[in-house]
Structures are given as structure tokens and as C-alpha cells.
Amino acid sequence: PVLLVFNAANPTGPRVIRDSLYLHTAFGPEIAEQDLILVNPPSQMHAAYVSLTRAYDGLPIPRGVRMLAPGLSPIEIERTDERTLVIAAEGGYMNWVLDRLFRNEVYPISAGYQVELDGFTVTVLEVTGDGRPLVASFEFAEPLESESYRWLYWKEGRFLPWTPIAVGQKVRMAPPELGRMLRGNYKPTLSDAE
């Protein structure tokens, strides 16, 4: 009961965590015609609030927001063609309790499970022993370099611009550095100029 008051006032956690995980990137009006692709946000729950927080602050809102590999695991990304990324999450997707707010573990996922969203299709290629996605394919409607996409990835406690890798390449991304965020050392500094 004591935590009920705290949780009601802070549904996304303590301010130091909330402020660290929210997107502080400055966008111009062109973002309204672009899908914002967040490659590896540390928290799916916080990233889901991008449009709401930007609207509340009177900032331009992306046409759409897509999260590819949210969570606290290292990931490996492979580009298989001009429109497709295959992402493997070490230990599987939905590894953090907050990520399970969006899909209950009593409903396991199988390889081959597919979700078609506006602008891209996600296909689960491999699953963990407990039925969580391990490797997933993300096939976009347009080539990844299209101006209709704005790519960001999480590194060193903030979102930075990301350029999709070349076809046939692989890249590994380290897990988020949560200790830095929890200590309150994060200072948002990213602007459109970077």
C-alpha cells in the first residue's frame, strides 16, 4: 500500500531512471513524415512513450515509432538484403520484467510467428526454451536507407543516430550501461547537428 502512492505518481519509475530512458533527441518538422526506428532501446516501456511525451512537450511527433530489440541484452544485427535486418538478442527478447508487460509469458511464441505492422513485417526465426524470441527478422517496406526512416540506437546512456549496415554485414551492440543511468550521471546532449 505504501508503494501505491509512489507508483501512481511515477508509473514509469523514479525520475532519475525515467529521465535517463526517455528520448531527448531534437527533431525538425520532417520527423512527422518519418518512422522513428529505435534499434536497441533499453526499455520498451519508456520508448513506447516517445509520441506522448513529445506531444505533451509541444515537439514534432514521428509518423510512427518502431522498436527492434528493446531490453538489456547484447544484440547482433545482420543485414540480409536491402530491406531486412536479422537481430539476435543474447538470452532472448523480453528478458527484463518490464518487457513482459507487453506479452505475458504464459503465451509462448514459436519459430515462424509473424506480425505484420504498418511498414514492416517481423518474423520470429528462433525461440528460447521458455518460448521467447531469440532471433527475429525485420523486413521493411522500403530500403533501409530511405528518407522515410530515422534510425537511432542506444549507446553510452543516450540515443544516437545510426546508419544501417551494408548488406551482408554484421554488427554487435553492447548492452545498455544502466549503472550510469541509475547514478544520475546521464545528461541529454544529442541535437540534430550530431
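Can Thr80 be described as modelled with pLDDT of 65 or more and surrounded by fewer than 21 Cβ atoms within 10 Å (Cβ to Cβ)?
yes
I'd like the residue in the stretch 106-134 that is buried (at least 16 other Cβ atoms within 10 Å of the Cβ) and of a type in the set (S, T, N, Q) and, out of all such residues, is modelled with the lowest pLDDT.
Thr128
Considering each residue of the stretch 138-194, count those that are at pLDDT below 90, more than 24 Å from Gln34 (Cα to Cα) and outside any loop (DSSP other than H, G, I, E, B), and give that number.
Matching residues across the stretch 138-194 total 5.
Do the conditions hold for Arg63, that is, is it more than 17 Å from the chain's Cα centre (by Cα), surrounded by fewer than 20 Cβ atoms within 10 Å (Cβ to Cβ) and either at pLDDT 90 or above or more than 25 Å from Ala141 (Cα to Cα) (or both)?
So Arg63 fails the test.
Restricting to the stretch 111-138, give me the number of residues that are under 16 Å from Met94 (Cα atoms) and of a type in the set (D, E, K, R).
3
Please work out which residue is nearest to Pro41 (Cα to Cα), limiting yourself to the stretch 102-154 and to residues that are of a type in the set (A, V, I, L, M) and without any contact (Cβ under 8 Å) to a residue 24 or more places away in the chain. Break it down into steps so the answer makes sense when it comes.
Applying the first criterion (of a type in the set (A, V, I, L, M)) to the stretch 102-154 yields 106, 109, 111, 115, 117, 122, 124-125, 127, 134-136, 141, 144, 152.
Subsequent filtering for residues that are without any contact (Cβ under 8 Å) to a residue 24 or more places away in the chain retains 106, 111, 115, 122, 124.
Working: Val106: 24, Ala111: 23, Val115: 20, Val122: 17, Val124: 19 Å.
By that ranking, first place goes to Val122.
Can you tell me which residue within the stretch 32-47, out of those that are under 29 Å from Glu78 (Cβ atoms) and at pLDDT 90 or above, is surrounded by the most Cβ atoms within 10 Å (Cβ to Cβ)?
Here the answer is Asn40.
For the stretch 66-87, enumerate the residues that are part of a loop (DSSP other than H, G, I, E, B) and aliphatic (A, V, I, L, M).
Leu68, Ala69, Leu72
The values are calculated or read from the model by the stated rules, or taken from the named source; none is laboratory data. It should be emphasised that the depicted structure is a prediction, and the values quoted were computed from it without experimental measurement. Neighbour counts run over all protein chains shown; Cβ positions are idealised from the backbone, glycine included.
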